[in-house]
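Colleague: First, the structure itself, so that you have it in front of you.
The values are calculated or read from the model by the stated rules, or taken from the named source; none is laboratory data. Remember, predicted model here, so these are calculated numbers, not experimental data. Methodologically, a virtual Cβ is constructed for each residue, glycine included, from the backbone with ideal geometry; neighbour enumeration extends over all protein chains shown.
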Amino acid sequence: MSISSSVIRDLREKTGAGMMDCKKALTETAGDFEKAVDFLRKKGLAAVQKKQSRIASEGTIGSYVHDGKIGVLVEVNCETDFVARNSDFQLFVKDLALHIAAASPMYVAADEIDEAFKKREAEIYAAQLREQGKPEQMIEKIVEGKIKKLAEDVCLLEQKFVKDQNKTIKEYLQETTLKLGEKIDIRRFVKFNLGDGIEKKQDNLSDEVAKLTSGTH
């Protein structure tokens, strides 16, 4: 069957796959656009999985500073210095730093969440539900569901990309991996908030007024 170049181009823009791969996907799915997207995603995920077994020791450390108040450093690895200097790779790293500044993830991946943190969050959820008057028999199930969704809130890879809410950071990573043809690994990040950990002076207005008026008649 004949596949128009405009449809192939649309599929390429949506998936990030190569033109020939898009044409093949449309041919295999009889021109069904959504099925072609699924076809490429399945093929792409398999390709990404193969690349994940490789060693990525090159890369770069990206940064983002917002108004002198928030700063982010993120290390992203790839396999070669050639890819590390690629504009698509550099854009990916910059986007990650921006996302971290905006979304404040605590971990890179779900398997990094420690059990103590999960337990503490579960206790907080349960206390909130009791305050809301939820029946005790419902609380356990609700908390269990919230803990399962916890990764979406605190893990970088599971969060919705701030510049495109239609995909997660993990999906953005997979797209970049396929586009560049190398393993891409988000190794670590740190976010700084100006003044974190510094005890700030808390002025008491009533005390200040009392001082100013003391001794006056």
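Colleague: Report whether or not residue 191 is surrounded by 14 or more Cβ atoms within 10 Å (Cβ to Cβ) and among the basic types (Lys, Arg).
Modeller: So residue 191 passes the test.
Colleague: Are any residues in the stretch 74-108 over 25 Å from residue 194 (Cα atoms), touching a strand residue (DSSP E or B) at 6+ places or on another chain (Cβ under 6 Å) and not in a helix (DSSP H, G or I), and if so, which ones?
Modeller: Within the stretch 74-108, 77, 78, 80 qualify.
Colleague: So residue 182 clears everything in (1) among the acidic types (Asp, Glu); (2) buried (at least 17 other Cβ atoms within 10 Å of the Cβ); (3) under 23 Å from residue 115 (Cβ atoms) except one condition, right? Which one?
Modeller: (3)
Colleague: Has the stretch 117-133 got at least one residue that is surrounded by 15 or more Cβ atoms within 10 Å (Cβ to Cβ) and touching a Phe, Trp or Tyr at 6+ places or on another chain (Cβ under 9 Å)?
Modeller: No; the residues of the stretch 117-133 include none that is surrounded by 15 or more Cβ atoms within 10 Å (Cβ to Cβ) and touching a Phe, Trp or Tyr at 6+ places or on another chain (Cβ under 9 Å).
Rundown of residues vs (1) in contact with a helix residue (DSSP H, G or I) (Cβ under 8 Å, 6 or more places away or on another chain); (2) of a type in the set (Asp, Glu); (3) touching a residue at least 60 places away in the same chain (Cβ under 8 Å); (4) not assigned by TED's automatic domain parsing to the domain that holds residue 63, yes/no style:
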{"position": "94", "(1), (2), (3), (4)": "no, no, no, no"}
{"position": "105", "(1), (2), (3), (4)": "yes, no, yes, no"}
{"position": "135", "(1), (2), (3), (4)": "no, no, no, yes"}
{"position": "142", "(1), (2), (3), (4)": "yes, no, no, yes"}
{"position": "146", "(1), (2), (3), (4)": "yes, no, no, yes"}
{"position": "164", "(1), (2), (3), (4)": "yes, yes, no, no"}
{"position": "169", "(1), (2), (3), (4)": "yes, no, yes, no"}
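Colleague: Only one residue in 26, 11, 96 is modelled with pLDDT of 95 or more, under 23 Å from residue 171 (Cβ atoms) and of a type in the set (A, V, I, L, M, F, W, C). Which one?
Modeller: That would be 96, the only listed residue that is modelled with pLDDT of 95 or more, under 23 Å from residue 171 (Cβ atoms) and of a type in the set (A, V, I, L, M, F, W, C).
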